[in-house]
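Some notes on the structure that comes next.
Computed from the coordinates by the stated procedures, all read-outs in this text should not be read as laboratory data. Everything quoted here is computed from the prediction, not taken from an experiment. Neighbour counts run over all protein chains shown; Cβ positions are idealised from the backbone, glycine included.
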Amino acid sequence: MVATLRVVLDQLVAPSEPELAEASRELARALVLGAPSGCEVEAIAPAGGVEGALDSVPGLAGVRRTALPRRELAAALQLGVGTGIGGGMIHSPTLFAPLVRHDRVHDHDQAVVTVWDLRPWESPSELPRAVVAWHKAMLKRAVKHADAVVVPAHSMAVRLLEIAPGLRDRVRVIAGASPLGFSVPVDEVGRRRALGLPEGYVLLAGGPLGSEGLDAGLAAVAASGVDLPVVVIDVEEGHEPAVEDLASAAGLPERALHVRGALDAPDRAAVFGAAVAFVAPSRRAAFPWRVVDALTLGVPVIAASSAVHDEVVFDGGELVAGTDAASLADGLGAALATGLGSTAAAERLGVLAGDRGRAFSWREAADKVWMLHAEL
């Protein structure tokens with residue numbers, strides 16, 4: 001008898017967030033590659049969306065398309081009404097899943113969902129009301145009906161249980177990772193040239209929203225005295241002027257700033273390939289995808305101390321505490337100046353980052369997902 005793990009891949013056919021789309025694809029690939037004997041992986045996806053998107057996950061045993069497109073399906077899931085998805089062993093890399101009453105013991109139905117970011121609960125003003133309402137409603141449904149809720153860090157598990165104590169012993173920790181085979185491409189120089197980027201810069205990621213901490217990060221670079229260009233990636237379209245304003249307020253010259261949006265994995269790796277350091281000023285309770293990218297590629301990491309960063313970075317970079325944005329900027333700036341103060345110091349941070357980066361793997365994450373469903 002074949003055991004089928006049904007993975008919700010809505011983010012592939014109708015992506016709403018680049019990080020979630022990448023995480024969904026990479027986890028699904030790893031689940032297929034790591035499927036135990038007698039097990040297979042099937043995809044669940046909404047109607048419509050990007051043509052051929054599921055081809056990026058080879059080896060799927062099948063694809064179950066719902067009658068509803070993603071937007072309508074999201075509303076149906078929020079209300080707990082019929083979606084046509086059916087039962088079985090369901091795993092969602094997000095909260096997007098049929099969270100309804102089911103019989104795990106007799107029918108062997110399972111529903112496991114994932115929470116990567118607690119911003120809908122901790123910084124709701126930064127998101128559209130409808131998005132916040134959907135996430136809160138789906139977490140409430142998870143409290144009632146999910147067999148397990150996955151988070152990427154132990155500190156986030158603690159915080160999630162404060163938000164939703166009804167989950168009790170159903171929270172599991174499975175970290176994410178950079179894409180399988182993530183490395184600086186051989187055509188890195190050409191890719192950076194196509195992106196209009198210089199060679200050798202301090203790299204940051206994120207936008208102007210308060211929880212991103214970009215104001216402190218840019219102020220830190222200015223305070224460090226490091227005379228290098230600054231590149232900021234993952235800036236949402238339309239937010240570029242706000243980022244430029246933050247850089248100007250920090251005292252960075254306009255010519256030194258390069259703002260880019262979300263990049264695919266090869267371009268992103270090429271950008272990291274010319275970074276002399278990655279500064280991570282956010283203290284939000286969310287999985288720090290770009291920090292993990294930096295660790296994976298051995299780029300020196302200077303990060304704000306937070307529950308998540310302390311756990312993820314650990315001994316792979318410099319962690320800086322701060323009571324407010326000003327003190328954090330001063331601390332990050334001093335750490336950046338010290339870390340780049342000599343070739344030996346920079347090389348040391350790079351080695352520490354690379355060693356820590358090996359702790360994150362989608363293959364290991366997939367093994368833990370298979371084990372979780374076997375335990376359930």
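One table, with the values for the structure above:
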item: Cut-off 10 Å between beta-carbons: net charge of the residues surrounding LEU54, Lys and Arg +1, Asp and Glu -1; result: 0
item: Between 0 and 90°, nearest 10: helix 214-224 axis offset from the chain longest Cα axis; result: 30
item: Selection from GLY34, ILE85, VAL115 lying farthest towards where the dipole of region 22-129 points positive, charges on Cβ; result: ILE85
item: Residue-averaged 222 nm ellipticity for the chain, from DSSP H runs of 4+ at -39500 (n - 2.57), nearest 500; result: -12500 deg cm²/dmol
item: Shape category assigned to region 188-357 from the gyration tensor of Cα positions, a/c cut at 1.5; result: rounded
item: Two-site label geometry, ALA326 and GLU347: point separation in nm, points 7 Å out along Cα→Cβ; result: 4.0
item: Ordering of 93-102, 177-186, 37-46 by packing [mean C-beta count within 10 Å, highest first]; result: 93-102, 37-46, 177-186
item: Packing rank of 57-68, 4-15, 262-273, where each peptide gets the mean count of other beta carbons within 10 Å, highest leading; result: 4-15, 262-273, 57-68
item: With Cα atoms, 0 to 90° folded angle of helix 154-163 axis to the chain main axis; result: 60
item: Inter-probe distance in nm under a simple model that places probes 7 Å from Cα toward Cβ, at PHE314 and ALA242; result: 3.5
item: Listed peptides 320-327, 229-236 by packing density, highest first (mean Cβ within 10 Å); result: 229-236, 320-327
item: Region 151-211 and region 362-376: distance between their alpha carbon centers, rounded to Å; result: 20
item: Size-normalised alpha-carbon gyration radius of the chain, reference 2.2 N^0.38 Å; result: 1.00
item: At R0 = 25 Å, FRET efficiency that the Cβ-Cβ distance of ALA374 and ARG64 yields, to 0.05; result: 0.70
